[in-house]
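The values are calculated or read from the model by the stated rules, or taken from the named source; none is laboratory data. The structure displayed is predicted, hence computed values, not measured ones. Positions of Cβ are backbone-derived with ideal geometry, glycine not excepted, and every protein chain shown enters the neighbour counts. Heads up: the accessible areas ignore ligands, DNA and RNA and are worked out on the full protein's heavy atoms, side chains in. Shrake-Rupley method; radii C 1.70, N 1.55, O 1.52, S 1.80 Å.
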Amino acid sequence: GRVRSRGAEAGTGAEGGGGAAEALRVSRREAAAAAMAMAAAGAPAHDEHRLVACVVCCMHGSDEEMAALAALRDCVHSHRRLASAGSLDAAAQAVRHRPLSACTGVALEVLAAAATTELWVGNRTAAGGQFLRCGALDACVGVLDPEAGAEASVVISALRLCSELLAGYAPALRVFAAVGGITALAAQLKRAADGGAWRGARDSVASCVKALLSSSRHRSLPMPSLAGELCGMGLVEPLLVLAEADEPCCVHATRALWWVVMAGHDETVLAAGGLSRMLGVLGALPRRRNFDEAMGLIVHVSRRDSEALAAIGEGGVAALLTGLTASALETTVLAAAETLESAFEAAPRNAATFVKHGGVLIALDQIAMFRTGMRDCVRHVRMLHTLLKATPSAAPVVARCGGVGVCVKLTSDAAVFTRACGYDVLAELVKDRACWEALVKGGGMRAVVEGLGAAVVPGFAGGKDDARRIRCAAASMLGEALRSQPDAAEAVIASGVAAALCRTLSAASAGGHAPDELLRDACASALLALLQQDPSAAAAVRAAGGVEALLPMATHDYEA
């Protein structure tokens with residue numbers, strides 16, 4: 001083409017010049033057709049001639065631009081690479097052409113496909129700089145501007161390119177913000193949320209917003225104020241609309257809201273009804289695509305403001321119960337357990353609703369399942385503990401479901417916190433007569449003896465603190481049983497628990513360290529309850545060295 005152009009310039013007549021121009025147009029058509037044929041045939045990726053022909057056609061803005069861009073796009077899709085920066089320059093120039101045309105969309109597809117490959121496979125820093133230098137992001141923002149009048153398909157291609165650049169190359173964020181990309185993106189988000197002809201752009205715009213927010217939190221380029229800027233533009237409501245929609249966009253929109261909450265704008269999400277609306281997503285049937293993402297958003301909102309959980313009602317508790325059972329992701333199950341625990345603390349009626357919907361049996365089954373799989377179930381145990389504190393009437397239900405035996409097994413768990421929480425749960429259960437009887441029959445007294453004599457965990461730096469935590473929990477549970485059950489002293493003395501209690505008290509009293517204060521207090525309180533219930537236990541206490549342990553405590557530790 002260049003050779004024939006020079007020939008035309010050297011012509012002596014208008015007719016000759018016109019013939020040369022026609023020959024040039026024919027040459028371009030032939031080059032584009034050849035490029036398309038070679039791309040369709042799967043030509044080798046190192047064939048530079050095809051790419052050069054396409055680039056030349058694009059740079060001249062000829063009638064064959066569309067065919068050339070299509071060939072270039074096919075090359076990128078087929079061989080997952082671009083041979084030179086000239087291809088990016090040509091595609092970016094095609095995007096900048098006004099008025100917008102079908103070529104604009106194809107050129108954006110070329111750039112987006114190239115970004116997908118270059119930013120995630122090759123040298124990300126070099127590729128990202130190359131995309132910024134060719135002006136691809138600036139041209140893209142120009143297309144996103146609603147005043148540009150681009151069709152929905154073209155806007156979708158532009159959004160896809162922006163998403164790739166923002167997610168794959170952190171410095172692109174500053175360029176995007178500098179050229180007005182945030183304002184243009186906000187307008188596109190609102191338009192997509194309204195539906196209509198722009199409904200098809202929902203997934204792309206939600207993905208772009210998510211990439212924008214996640215890149216703003218990048219450690220090398222922190223822009224924490226960006227989430228606040230988007231909230232100020234009123235973008236939380238459109239994001240919630242997309243998150244509620246039963247469409248592919250709901251996943252990206254929910255993750256974008258998660259980034260907003262992580263940036264500290266949870267109050268804005270709550271004010272827009274974010275908690276109740278995400279609970280609606282969680283309880284929707286059939287199960288939504290963003291089920292796990294919605295649970296992740298709910299747990300983070302509840303961490304920031306647990307009071308909002310007090311008003312979730314029966315439907316909200318049922319939705320959280322669905323989150324506990326309907327996901328294959330362990331993180332989602334644990335998030336549901338944590339949120340339920342916060343909901344029980346916020347309002348006891350939530351705990352009663354949980355029991356009403358069969359939550360006790362589900363929780364016990366999951367504890368047993370987690371222990372079988374050698375996984376830490378402390379989150380579920382804490383949830384059960386909080387449930388019993390909020391609704392003591394749930395204890396008989398736990399007993400009927402075999403929960404006492406499950407909790408006794410927890411006291412021998414490998415995880416230290418799980419063992420301690422197991423004793424905490426038993427301390428609530430022993431207030432109920434049926435649970436106490438099941439505990440005595442199920443080896444509960446042996447578990448108390450083992451807890452009171454808990455040794456330092458070998459190979460763990462915090463072993464002494466862990467042993468102290470278990471002993472304290474066991475002593476507290478024993479004291480609760482003695483205060484709640486009128487005949488507990490008989491079982492305590494017969495099983496050797498009283499002697500173990502005195503040994504633990506002696507060790508804690510001899511230590512004299514401040515960290516032992518809670519343990520000394522728990523042991524002395526349990527011993528007092530034992531002697532008040534059965535004064536004849538004094539002989540057993542004296543024989544086990546209880547008097548020597550009590551004397552220094554009576555002169556030094558006020559509470560104990």
task = Could you please let me know if V155 is under 18 Å from S215 (Cβ atoms), modelled with pLDDT of 90 or more and assigned to a helix (DSSP H, G or I)?
result = no
ask   = Is at least one residue of region 457-470 crowded, with 23+ Cβ neighbours inside 10 Å, at pLDDT below 95 and either under 23 Å from E490 (Cα atoms) or not charged (D, E, K, R) (or both)?
value = yes
task = Give the number of residues within region 360-385 that are of a type outside the set (D, E), over 24 Å from the mean Cα position of the chain (by Cα) and within 16 Å of A336 (Cβ to Cβ).
result = 3
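I want to confirm something. Restricting to region 209-227 and keeping residues that are of a type in the set (S, T, N, Q) and buried (at least 16 other Cβ atoms within 10 Å of the Cβ), which single residue is modelled with the lowest pLDDT?
Filtering region 209-227 for residues of a type in the set (S, T, N, Q) gives 214-216, 220, 225.
Right, trim to buried (at least 16 other Cβ atoms within 10 Å of the Cβ) and you get 214-216.
On the way: S214: 90, S215: 87, S216: 83.
Here the residue is S216.
Could you say whether any residue in region 426-446 is without any contact (Cβ under 8 Å) to a residue 24 or more places away in the chain and either more than 17 Å from T504 (Cβ to Cβ) or not aliphatic (A, V, I, L, M) (or both)?
yes
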request  = Please state which of the following conditions A328 fails to meet, knowing it meets all the rest: (1) assigned to a helix (DSSP H, G or I); (2) open to solvent by 50 Å² or more (accessible area, probe 1.4 Å).
outcome  = (1)
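Here is a yes/no grid of residues against (1) of a type outside the set (A, V, I, L, M); (2) open to solvent by 10 Å² or more (accessible area, probe 1.4 Å); (3) modelled with pLDDT under 95; (4) not in a helix (DSSP H, G or I):
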residue	(1), (2), (3), (4)
E164	yes, yes, yes, no
V175	no, yes, yes, no
L189	no, no, no, no
A201	no, no, yes, no
S207	yes, yes, no, no
E229	yes, yes, yes, no
V241	no, yes, no, no
R255	yes, yes, no, no
L270	no, yes, yes, no
inquiry  = Testing V381 on (1) out of contact with any Cys (no Cβ under 6 Å at 6 or more places or on another chain); (2) open to solvent by less than 10 Å² (accessible area, probe 1.4 Å), one condition comes back false. Which one is that?
reply    = (1)
task = Please go through region 357-379 and pick out each residue that is out of contact with any Asp or Glu (no Cβ under 9 Å at 6 or more places or on another chain) and either among the polar types (S, T, N, Q) or assigned to a helix (DSSP H, G or I) (or both).
result = G359, V360, L361, I362, A363, L364, D365, Q366, I367, A368, M369, T372
